[in-house]
Amino acid sequence: MLDLIVTGLLCIASPEVDQKLVPDFSPEFDSPKLEVIEHSNFQKGERLEYEVSYGWITAGEAIISIEEEQHEIGGRNVLHVVGEGNSLGAFNWFFKVQDRYETYLDEEGVFPWVFVRDIHEGGFELEQYYTFNQYEQSVSTDKGEDYEVPVGIQDMISAFYRARTLDLEGMKPGDTFELNAFVDEEVWPLQIRYDRREVKKVGLGKFDCLVFTPVVQEGRIFEEEEDLQVWITADQNRIPILAEAKVLVGSISMEIRSYAGLANPISKLD
């Protein structure tokens with residue numbers, strides 16, 4: 001359940017990636033130049049913690065962080081992002097969740113080179129290991145399958161960081177943005193609509209926010225495509241402070257519990 005919220009948010013990680021399993025992605029002579037995204041929205045050491053509630057009951061927690069250590073893939077600097085989602089309290093008795101995700105994110109291009117997923121939800125378990133060859137627009141899976149993908153393809157976690165770098169200058173209510181992400185061996189067009197700007201009060205205080213509606217997959221968990229709303233800080237960090245979702249049975253929310261290591265001042269009003 002927690003990973004479905006993360007997918008809807010474009011926000012929210014398997015064991016440490018064995019660098020011997022990462023192919024050499026050094027460019028060929030005629031390889032296209034990779035995109036460079038100028039941004040200052042996040043940095044190493046950033047850590048965001050959230051409380052996940054089902055109705056009025058605290059159901060779990062989600063933590064996503066950019067690790068401090070330095071990594072290189074194909075001679076390029078990458079950020080190591082780790083996300084975790086865990087059930088808490090009584091929920092462990094009937095639906096225990098232990099989810100981990102990792103992505104190795106290109107510092108300059110804000111796209112992934114490696115994605116790892118290890119989830120345990122009730123009796124369901126799934127492991128995935130994807131390598132992204134951004135030079136050739138292809139993804140290789142741990143099943144030995146290769147897929148052609150669009151330029152700048154994202155994964156479930158990297159899409160969250162790429163979305164934070166989008167140019168919002170002159171944005172008007174109703175404007176939409178789209179990112180392509182490789183999820184479960186498919187390319188998903190992730191659409192996000194800007195709704196409004198408002199002050200939102202949560203447990204940590206009041207924040208000046210931008211409100212977005214990600215278009216989600218109806219029928220599986222959500223009843224309608226627009227049953228998820230996300231409040232993002234109206235500053236250069238652009239971190240989610242609250243997400244609220246109507247699901248087929250009840251409602252789920254994810255509220256920020258703590259934040260640290262932000263790259264910029266936050267739009268907190270008290």
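Taking amide hydrogens as placed 1.01 Å from N in the peptide plane, the amide H of D227 sits under 5 Å from those of V216, each at least 5 positions away in sequence or on another chain. Computed extension gain for N180 through E148, at 0.36 nm per residue and net of the alpha carbon distance, reaches 10.3 nm. The modelled label-to-label distance between Q137 and N92, using points 7 Å beyond Cα along the C-beta direction, is 4.7 nm. Its Cα gyration tensor gives segment 49-129 an equivalent ellipsoid; the semi-axes, largest first and in whole Å, are 30, 14, 8. Ordering F160, F124 from the fewest to the most neighbouring beta carbons within 10 Å gives F124, F160. Excluding same-chain residues fewer than 8 positions from K200, which lysines have a Cα within less than 23 Å of its Cα? Candidates past the 8-residue exclusion: K172, K246, K268. Ordering of 88-95, 62-69 by packing is 62-69, 88-95, highest average first (other Cβ atoms within 10 Å, averaged per residue).
Bear in mind that the values in this text are calculations on the coordinates, not laboratory data. Worth saying up front: this structure is predicted, and the values here are computed from it rather than measured. Cβ: placed from backbone, ideal geometry, glycine included. Neighbour counts: every protein chain shown.
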